[in-house]
Structures are given as structure tokens and as C-alpha cells.
Amino acid sequence: MFKKIKLKYKKNIEAYNKDLQKFELQYGMRSSVSYEKFENGQLGDDMDYFEWAGLIELRDSLERR
């Protein structure tokens, strides 16, 4: 049971990383840098930044499990 859950987490993390990579290529910035800037209010209110930050949080949450 736990192996299935871990495998699902791993697949989700891989999918999130692919999506994050698209943002990184589009904006020319690593996700860690964008998240810090987002949290400090330095990126603006574009919906992409909110989606990007949300993906980072989802991925990080799964990685902590």
C-alpha cells in the first residue's frame, strides 16, 4: 500500500517538475528564485506567477512526505 502511494507521489512530483520547467524556460528564472520573488511581492499580479507558486508549493509538499 505504501509503495503505491510513494509511486503516485513520485509521478505527481515528476509532472509538477515538468510544468515548473515550462515556467522556468518561459521566464528565464529558476523556480526557487521566482518563489522567493513572488513571496516578496517582486513579480507582480500576473496569474502565471500565482500558478507557478502554487505548483512549487504542491511539489514541495509532496517531497516532504
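Here, each number is a calculation from the coordinates, and none is a lab measurement. Every value quoted in this text rests on a predicted model; they were computed, and no experiment measured them. Cβ placement follows ideal geometry from the backbone for every residue including glycine, while neighbour counts extend to all protein chains displayed.
So if I restrict to the alpha-carbon atoms in segment 2-63, what is the Rg, and what is Dmax, the biggest pairwise distance, in Å?
When restricted to the Cα atoms of segment 2-63, Rg and Dmax are 12.6, 41 Å.
Quick check: the angle from helix 47-63's long axis to the longest principal axis of the chain, C-alpha only, nearest 10 degrees?
30
Give me the dipole magnitude in Debye, nearest 20, for the chain about the Cα centre, with unit charges on the beta carbon: positive for Lys and Arg, negative for Asp and Glu.
Once rounded to the nearest 20, the dipole reads 820 debye.
Where does the charge balance sit around Ile56 when Lys and Arg score +1, Asp and Glu -1, over other residues with C-beta under 14 Å from its C-beta?
Charge balance in the 14 Å sphere: -3.
Select from Gln21, Leu55, Ile5 the residue farthest towards the positive end of the dipole of the chain; place +1 on Cβ of Lys and Arg, -1 on Cβ of Asp and Glu, and compute about the Cα centre.
Ile5
Starting from 0.36 nm per residue, how many nanometres of slack lie between Lys4 and Asp45 once their C-alpha separation is accounted for?
Length difference between fully extended and current span is 11.0 nm.
Pull up the cross-link candidates among the aspartates and glutamates for Lys37, meaning alpha carbon to alpha carbon under 15 Å and not fewer than 8 places away within one chain.
Glu24, Asp45, Asp46, Asp48, Glu51, Glu57
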